[in-house]
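Worksheet for the structure shown next.
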Amino acid sequence: MTITDRLAGAARIGLGLAAVGRPGYLNLGRDTDLPVERTVEALRARAHELLDQAYAAGVRYVDVARSYGRAEEFLAQWLRARPEIDDVVVGSKWGYTYTAGWRVEADTHEVKDHSLATFDRQYAETRALLGDRLDLYQIHSVTPDSPALRDADLHRRLAELAERGVVVGLSTSGPAQAETIRDALGIRVDGRPLFRSVQATWNLLEPSVGPALAQAYDAGCLVIVKEALANGRLAVRPGVGDAVALAAALRQPWAAIVLSGAATGDQLASNLRAERLAVDPARWADLAEPPARYWQQRSQLPWT
């Protein structure tokens, strides 16, 4: 059964734990979103509260990553405490190593490395936490210069993972997301496409990847939208707001899942309203920024 089949009838909003798996992140408003004391225990409790709320609302897709602090650990603990829950689809990512040491302020929060050695190490770490609950494993934030697009040994290892039943995908970032996706769609191992999912940034400010995501969808890939709120910029934008921005992403015919990065229960409840809104994304077409400018501004967001 494919992930799409497993998610049939579930909410199309998925829950991402990037904002609550570590004390520092790039989203606006975190100074008021999280507990004053951002201890491991406090963020574990917050993550579990959000997972409970999301599951009760019909959310069945959860997104984590090796670089999201303890997000995989928090999710694994939540799943173990609820053995009756067997219908959650879990996606994680490898390729960045978390290096902030549970601090908001750090010289380096994460280190990117798409080598085969990093895959081997991080897959073992993910597997130790999530076991056979891992459904989708994606290379984290691939760009056109990533060696992951050209490493035949890595491709073979990923194909072996796919043969064991884990869907192999990639996430993208940067102004050349479309180029990355099209390059990835051309990669085959033993004549079969390697990547069967794509997770990309699409939002009303940065919609340039849309045609490439349509191409990925037509090629049979699961398409997941991340950063639909532009790291909080659209949530506070007059005339838009979080639910409208998420609804605009849900209206894209190629979007199977649109991630919520909620850090509070109120944010999650508001995000989930998107599924009930009928919006025409063309109404906000004039919000689109040149991709280079959008990504330059994103790179300047502070970790808070």
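For the stretch 225-236, state whether one or more residues are more than 19 Å from the chain's Cα centre (by Cα) and either within 26 Å of residue 296 (Cβ to Cβ) or assigned to a loop (DSSP other than H, G, I, E, B) (or both). Working first, answer last.
Restricting attention to the stretch 225-236, the residues satisfying the condition of being more than 19 Å from the chain's Cα centre (by Cα) are 236.
Applying the additional criterion that residues be either within 26 Å of residue 296 (Cβ to Cβ) or assigned to a loop (DSSP other than H, G, I, E, B) (or both) yields 236.
Scanning the stretch 225-236, I find at least one residue that is more than 19 Å from the chain's Cα centre (by Cα) and either within 26 Å of residue 296 (Cβ to Cβ) or assigned to a loop (DSSP other than H, G, I, E, B) (or both), so the answer is yes.
For the stretch 29-55, a tally of residues being aliphatic (A, V, I, L, M) and either in contact with a Pro (Cβ under 8 Å, 6 or more places away or on another chain) or not in a helix (DSSP H, G or I) (or both) returns 4.
Considering only the stretch 158-185, state which residues are open to solvent by 10 Å² or more (accessible area, probe 1.4 Å) and within 14 Å of the chain's Cα centre (by Cα). Answer for the stretch 158-185, where residues must be open to solvent by 10 Å² or more (accessible area, probe 1.4 Å) and within 14 Å of the chain's Cα centre (by Cα): just 173.
Within the stretch 103-157, work out how many residues are small (Gly, Ala, Ser) and either closer than 29 Å to residue 82 by Cβ or open to solvent by 60 Å² or more (accessible area, probe 1.4 Å) (or both). Give the steps one after another, and end with the answer.
Within the stretch 103-157, the first condition is being small (Gly, Ala, Ser), and the residues that meet it are 106, 115, 117, 124, 128, 131, 141, 146, 148, 152.
Then keep just the ones that are either closer than 29 Å to residue 82 by Cβ or open to solvent by 60 Å² or more (accessible area, probe 1.4 Å) (or both); that gives 117, 124, 128, 131, 152.
Qualifying residue count, the stretch 103-157: 5.
Any idea how many residues of the stretch 186-213 are open to solvent by 30 Å² or more (accessible area, probe 1.4 Å) and either assigned to a helix (DSSP H, G or I) or within 23 Å of residue 300 (Cβ to Cβ) (or both)? Before you say what the answer is, go through the steps one by one.
Within the stretch 186-213, the first condition is being open to solvent by 30 Å² or more (accessible area, probe 1.4 Å), and the residues that meet it are 186, 188, 190-193, 196, 207-208, 211.
Checking which are either assigned to a helix (DSSP H, G or I) or within 23 Å of residue 300 (Cβ to Cβ) (or both) leaves us with 207-208, 211.
Number of matching residues: 3.
Here's the yes/no breakdown for (1) farther than 19 Å from residue 141 by Cβ; (2) of a type in the set (Ser, Thr, Tyr); (3) touching an Asp or Glu at 6+ places or on another chain (Cβ under 9 Å):
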position: 204; (1), (2), (3): yes, no, no
position: 220; (1), (2), (3): yes, no, no
position: 223; (1), (2), (3): no, no, no
position: 231; (1), (2), (3): no, no, no
position: 247; (1), (2), (3): yes, no, yes
position: 257; (1), (2), (3): no, no, yes
position: 265; (1), (2), (3): yes, no, yes
position: 269; (1), (2), (3): yes, no, no
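The set of residues from the stretch 256-276 being crowded, with 21+ Cβ neighbours inside 10 Å, in contact with a helix residue (DSSP H, G or I) (Cβ under 6 Å, 6 or more places away or on another chain) and either at positive phi or part of a loop (DSSP other than H, G, I, E, B) (or both) comprises 262, 263. Look at the stretch 287-299: where a residue is of a type in the set (Asp, Glu) and a partner is at pLDDT 95 or above and surrounded by 18 or more Cβ atoms within 10 Å (Cβ to Cβ), sitting 6+ places away or on another chain with Cβ atoms under 8 Å, you get 289/205; 289/206.
The values are calculated or read from the model by the stated rules, or taken from the named source; none is laboratory data. These figures come from a predicted structure and were not determined experimentally. All Cβ positions, glycine included, derive from the backbone under ideal geometry; neighbour counts span all protein chains shown. Surface areas here come from the heavy atoms of the whole protein model, side chains and all, with no ligands, DNA or RNA. Shrake-Rupley method; radii C 1.70, N 1.55, O 1.52, S 1.80 Å.
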